[in-house]
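Chemist: My questions will all concern the structure given below.
The values are calculated or read from the model by the stated rules, or taken from the named source; none is laboratory data. What you see is a predicted model; the values in this text were computed from it and never measured. Here Cβ is always computed from backbone atoms with ideal geometry, including for glycine, and neighbour counts include all displayed protein chains.
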Amino acid sequence: MSLSINGVGMTSQRTRDRLINILREHQIENEDVLSVIASTPRHLFVDEALSSRAYENISLPIGHGQTISQPYMVARMTELLLADGPIKRVLEVGTGSGYQTAILSKLVFSVFSVERIRPLLDTAKDKFRQLKLNNVLTRYSDGGWGWPEKAPFDAIIVTAAPEVLPTSLLEQLVDGGRLIIPMGKKGEQELLLFQRVGNKFHKKTLEKVSFVPLLKGRT
Ligand code: SAH
């Protein structure tokens with residue numbers, strides 16, 4: 001039996017609304033972001049065995065040693081991305097389950113998403129088709145190099161943490177564009193925001209975070 005988009009019981013709208021209240025308690029304020037999270041079926045992006053936990057504010061395993069990000073983190077990064085007003089083109093590095101991609105696709109004109117683990121990308125693409133997210137374009141590659149052919153981007157969001165900043169990402173931002181990226185070793189990571197002003201980049205350190213590492217190459 002395939003899971004329904006609307007969900008029942010632990011995946012119902014009531015359960016999703018409870019998550020929205022938790023996000024509000026964690027100071028997520030952008031109503032567009034909250035309403036997209038409320039209407040996006042996160043349970044479709046995790047294994048069926050975990051679907052009853054899909055609306056808890058936790059990250060969950062998605063196989064291949066990777067995780068679907070915690071809803072709070074997805075909300076926070078999306079809110080930061082939109083903080084200067086509406087944007088059109090976003091690059092996401094680390095498609096993973098495709099959940100963050102799905103949230104972005106409802107809030108911006110086009111999402112370009114890059115993933116280095118083929119089976120994860122294939123599964124995520126099935127979800128985009130199922131949910132008719134026609135403004136998502138994906139690529140199987142090492143996203144540390146960005147996606148030069150599609151650059152420049154209004155914003156870039158990285159959902160895995162490098163220890164050293166991949167500078168090609170900065171070069172692929174429009175003037176005024178933002179890069180949101182977790183950085184650092186396991187246990188010592190921080191969420192950073194870079195904003196391009198001409199050929200300078202303003203850096204802001206936001207909060208302590210915990211992400212899987214950004215790895216090189218494809219598998
Ligand atoms: N946004 C995803 C997060 C998945 S975890 C979600 O909510 O499901 C981070 C993902 O980044 C993993 O799928 C991992 O394979 C991917 N990743 C790590 N290094 C990468 C790289 N260099 N290029 C592209 N993807 C990468």
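Chemist: Give all pairs with beta carbons closer than 6 Å in which a residue from segment 9-31 that is at pLDDT below 95 meets a residue that is hydroxyl-bearing (Ser, Thr, Tyr) and surrounded by 13 or more Cβ atoms within 10 Å (Cβ to Cβ); count only pairs at least 6 apart in sequence or on separate chains.
Modeler: Note: pairs meeting the criteria are 10/52; 11/51; 15/55; 16/55.
Chemist: I would also like to ask the following. Does residue 136 qualify as being surrounded by fewer than 19 Cβ atoms within 10 Å (Cβ to Cβ) and either more than 27 Å from residue 34 (Cβ to Cβ) or not basic (Lys, Arg) (or both)? Full working, then the answer.
Modeler: Numbers: surrounded by fewer than 19 Cβ atoms within 10 Å (Cβ to Cβ): no; either more than 27 Å from residue 34 (Cβ to Cβ) or not basic (Lys, Arg) (or both): yes.
In short, no.
Chemist: Looking at this structure, is residue 58 free of Cβ contacts under 8 Å to residues at least 24 places away in the same chain, in contact with a helix residue (DSSP H, G or I) (Cβ under 9 Å, 6 or more places away or on another chain) and among the aliphatic types (A, V, I, L, M)?
Modeler: So residue 58 passes the test.
Chemist: If a residue has to be aromatic (Phe, Trp, Tyr), buried (at least 23 other Cβ atoms within 10 Å of the Cβ) and assigned to a loop (DSSP other than H, G, I, E, B) to count, how many in segment 97-125 make the cut?
Modeler: Going through segment 97-125 one residue at a time, the tally reaches 0.
Chemist: While we're looking at this one, here's another question. For segment 153-171: of the residues being surrounded by fewer than 18 Cβ atoms within 10 Å (Cβ to Cβ) and out of contact with any Lys or Arg (no Cβ under 8 Å at 6 or more places or on another chain), which is farthest from residue 185 (Cα to Cα)?
Modeler: In this case the residue turns out to be 171.
Chemist: Quick test of your reading of the structure: residue 35 fulfils all but one of (1) in contact with a helix residue (DSSP H, G or I) (Cβ under 8 Å, 6 or more places away or on another chain); (2) more than 16 Å from the ligand (Cβ to nearest atom); (3) at pLDDT 95 or above. Name the failing condition by number.
Modeler: (1)
Chemist: Just the residues that are within 20 Å of residue 96 (Cβ to Cβ) and either in a helix (DSSP H, G or I) or at pLDDT below 95 (or both), please, taken from segment 142-200.
Modeler: Filtering segment 142-200 down to residues within 20 Å of residue 96 (Cβ to Cβ) leaves 142-147, 150, 153, 155-163, 166, 169, 179-184, 186, 189, 191-192.
Passing the criteria: 143, 144, 145, 150, 169, 186.
Chemist: Filter segment 173-191 down to the residues that are under 18 Å from residue 84 (Cα atoms) and either surrounded by fewer than 19 Cβ atoms within 10 Å (Cβ to Cβ) or of a type outside the set (A, V, I, L, M) (or both) and list them by number.
Modeler: 174, 175, 176, 177, 178, listed by residue number.
Chemist: Write out, first by first residue and then by second, each pair whose Cβ atoms fall under 7 Å of each other, whose residues are 6+ apart or on separate chains, and whose first residue, in segment 197-219, is within 16 Å of the ligand (Cβ to nearest atom) while the second is small (Gly, Ala, Ser) and part of a strand (DSSP E or B).
Modeler: Once the first residue is within 16 Å of the ligand (Cβ to nearest atom) and sits in segment 197-219, its partners that are small (Gly, Ala, Ser) and part of a strand (DSSP E or B) give 211/161; 213/161; 214/161.
Chemist: Which of the residues spanning segment 1-36 are of a type in the set (S, T, N, Q) and surrounded by 15 or more Cβ atoms within 10 Å (Cβ to Cβ)? Working first, answer last.
Modeler: Looking only at segment 1-36, we keep the residues that are of a type in the set (S, T, N, Q), and these are 2, 4, 6, 11-13, 15, 21, 27, 30, 35.
Selection gives 11, 15, 30.
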